[in-house]
Amino acid sequence: MSNSRRRSTWAWGAAAVSPLGWSTADVSALADAGPFRAVASALLVLAVGAALRYRWPGAVDRAVDATLARPKRTPVYGVAAAAVGWLVVAYGFAQAFRLGNGLGTAAVVLGVGGVLAVSGAGFVVLGTTVVSVLDGEWTWTGPLVGAGISGLVWLALPLGPALVVWILLAATGLGGPTRRWVHASRQVERVVEE
């Protein structure tokens, strides 16, 4: 891939961080650095894991239970949720840019931040699920395992395939809670009928 194409590919990133004074070349240089992406991804997962454990202590355990309840269906629900989420975010970006560049840039920053936080949560759930399956005693190490998986993806693969695999793994971590949420209304209807 040529440098000019890389710069145009990461132009949205430059727009998002332009208030920080970074140029398109700075963003492209960071995007080309695999170890930087790996460390940033691992730190993101650890930060989200710490926030989840502190703010919503039982959320990860409930998500792992939902994932393990139907492990074969979890990736399907996760990918479907990720696809719908990306469509909503893209639509939001388009509408925000119609209202002005400043609002559009703010929407990109908030949207990308939100997507990264949700993806980090997916890796926390994925790591905790792996630890639960292998050894249920050490589930508090789940965020560490999730961070390791997240970082390893960026080290092992080139940018394009790494991004696809990273998104799919994060979506898989979110599949169990998504499945439970989608089917929650059926459970409420059954309780009301009884």
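For the peptides 39-52, 72-85, 95-108, the ranking by packing is 39-52, 72-85, 95-108, with the highest mean count of neighbouring Cβ atoms within 10 Å listed first. For the range 56-194, build the charge dipole from Cβ charges (+1 Lys, Arg; -1 Asp, Glu) around the Cα centre, then report which of L103, L157, P75 sits farthest towards its positive end. Looking along the dipole axis, the top candidate is L103. Taking every alpha-carbon pair within the range 47-183, the share separated by more than 19 Å comes to 53 percent.
Looking at the P(r) of the range 115-173, how many percent of alpha-carbon pairs lie beyond 16 Å? Considering the range 115-173, 39 percent of its Cα-Cα pairs are separated by more than 16 Å. For the range 58-74, 3J(HN,Hα) computed residue by residue from phi via the Karplus equation (6.51, -1.76, 1.60; θ = phi - 60°) reads x, 5, 5, 5, 5, 5, 5, 4, 5, 5, 6, 5, 9, x, 6, 8, 4 Hz, glycine and proline entered as x. Label reach from A33 (point 7 Å along Cα→C-beta): in the range 155-172, amide nitrogens under 15 Å belong to 155.
Rounded to 0.05, the FRET efficiency of the K72 and L110 pair, given R0 = 35 Å and the Cβ-Cβ distance, is 0.50.
Using the Cβ-Cβ distance between A50 and A156 with R0 set to 25 Å, the FRET efficiency from 1/(1 + (r/R0)^6) comes to roughly 0.50.
Read-outs throughout are calculated quantities, based only on the coordinates presented, and are distinct from any laboratory measurement. None of these values were measured; they are calculated from a predicted model. Using ideal geometry, Cβ is built from the backbone for each residue, glycine included, and neighbour counts are taken over all protein chains shown.
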